[in-house]
Structures are given as C-alpha cells and as structure tokens.
Amino acid sequence: MKLKSIVDQLQHEANVVQGEATKDSIYVSHTTFPDELAAGAAFGSSVAKLLNVNGWSALSSISADFALYSPVGKSKPDGPVDVGDFIQILLPGPTPENWVRVIHKSLDKTRAEFTVQPSPDPMANKPDQIEHFFNDQARSTFRVEVAGCTLSAFQIGKQEGINNQQPQAGDRALVNTLIAETGWLFYQKIQWQLLTDYLVLS
C-alpha cells in the first residue's frame, strides 16, 4: 500500500511538471490577544495591511516586489486593491515578471479577503499569453479573519498548475517550469509565511 502511494505521488509530480495536474497549498498565522476588543482593533489594522498590496514589498530583503495596477494598467501607488486590478509580482533573482488579476474581494465585520488568478500583462498586447509561472486555472486567496480573541491570516493556493502549455505559456514555458518546480517550490513557504505573519502582528 505504501509503495502504491509513493508511485502515485511520483506520477502526480510528473503530471504537475508536464502541466497536466495541479497542487493546493495553504499558509496560516495566528495571534491571540488578551480580549476581543484588542483582537477587533488588530483586525482593523490587518485589513488595511491586506489591502495595501504595495506595502508587501517591504516585508523583507528577500521578499518579492508587489505593485498594484488599475484595470487599465495604470499604477495605483496608494491602493487599496479592488476587483479588476492587476498585481505585478517580481521574484528575487533574474526571473520574468509575473502578473495576476483580482477576481474577487469580500469585506465584513470579521473577515476580509481577495482572490487573484494569473493573467496577461495588462500593458502588453498579448491577450492569450499568461505572464505567470502558474496557468490561469490557479487561484490564490489572501484572507484575514478574527474569531473571539484570535486573529488569523491565510494564503490559500488552489489548482496551482505550471504554465508550460501553449498558447498560454508563450516563450516562457521552460522558465515557468524551472521557477515552479525549483525556486518557487522552496521560496513560496518563506514568502507566504512572511506575509501571513506580517498580517497578524501589530
């Protein structure tokens, strides 16, 4: 049974590399406060940090750079993020820029979140080319929520498949595979844990 499980896992990994399968991931941080009043106040601060995507670039010297753009591709240095906006993501090192588009946003008294999907570069005339190492089936949700005295932050990745199939991949199919299976495989834990920790710490 164990051998079958290992073989199945290896087959799944092979399918992921070939762009024929996807993965899910989740990163989470929690902070517990002395009382609900303090937790509620911290939640308000966390929501502001969540929606200020441009501020995520200052998390660490090894953090990716994030830049928010409007639906027509104009820079939004003051935010906040909204549905239809684009986010440019520059990973450390000599890698191509990556783009996502905000497709969902929700705010209420105890939870705030938005979801993005890989997208074309809004300033390039290549509507069929996804400028991201994941394909456009992938979804990434960034969420903060408060329950009682506990404040939590999440990064939830769904259907993360490598963008190495045509026509979406364009001329970056090999680069996308290398990023997704090597650099990002190790780097995402650092990046998203930095972010979720930042969102819950006052």
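The values are calculated or read from the model by the stated rules, or taken from the named source; none is laboratory data. Quick caveat: nothing in here was measured; it's all calculated off a predicted structure. Methodologically, a virtual Cβ is constructed for each residue, glycine included, from the backbone with ideal geometry; neighbour enumeration extends over all protein chains shown. Surface accessibility is based on the protein's heavy atoms, side chains included, excluding ligands, DNA and RNA. Shrake-Rupley method; radii C 1.70, N 1.55, O 1.52, S 1.80 Å.
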field: For the chain, diffusion coefficient by Stokes-Einstein and Kirkwood Rh (Cα), 10 °C, 1.306 mPa s, µm²/s
entry: 89 µm²/s
- request: Any chance you could look up the accessible area of PHE33 with a 1.4 Å probe, heavy atoms only, rounded to 10 Å²?
  value: 40 Å²
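Which FRET efficiency value, to the nearest 0.05, do you get for VAL175 and LYS105 by plugging their Cβ-Cβ distance into 1/(1 + (r/R0)^6) with R0 = 25 Å?
Details: r = 30 Å, r/R0 = 1.21.
About 0.25, to the nearest 0.05.
How much mean residue ellipticity at 222 nm does the chain get from its helices, if each DSSP H run of length 4 or more adds -39500 (n - 2.57) and you divide by all residues, to the nearest 500 deg cm²/dmol? Before the final figure, lay out the partial values.
Numbers: 4 runs with 55 residues, N = 202.
Helix contribution divided over all residues of the chain: -8500 deg cm²/dmol.
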query: Using 18 Å as the cut-off for backbone N distance, which residues of segment 165-192 belong to the label zone defined by a point 7 Å from the Cα of ILE62 along Cα→Cβ?
result: 179-192
- line: Given a Förster distance of 25 Å, the FRET efficiency implied by the Cβ-Cβ spacing of ALA48 and TYR187, rounded to the nearest 0.05, works out to 0.45
- request: Please work out the average accessible area per residue across the chain, using the 1.4 Å probe convention, and give it in Å².
  value: 51 Å²
field: Unit charges on C-beta of K, R, D, E only; dipole of the chain, Debye
entry: 160 debye
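Take the solvent-accessible surface of the protein heavy atoms, probe 1.4 Å, and return the percent of it on the chain that carbon and sulfur atoms account for.
58 percent
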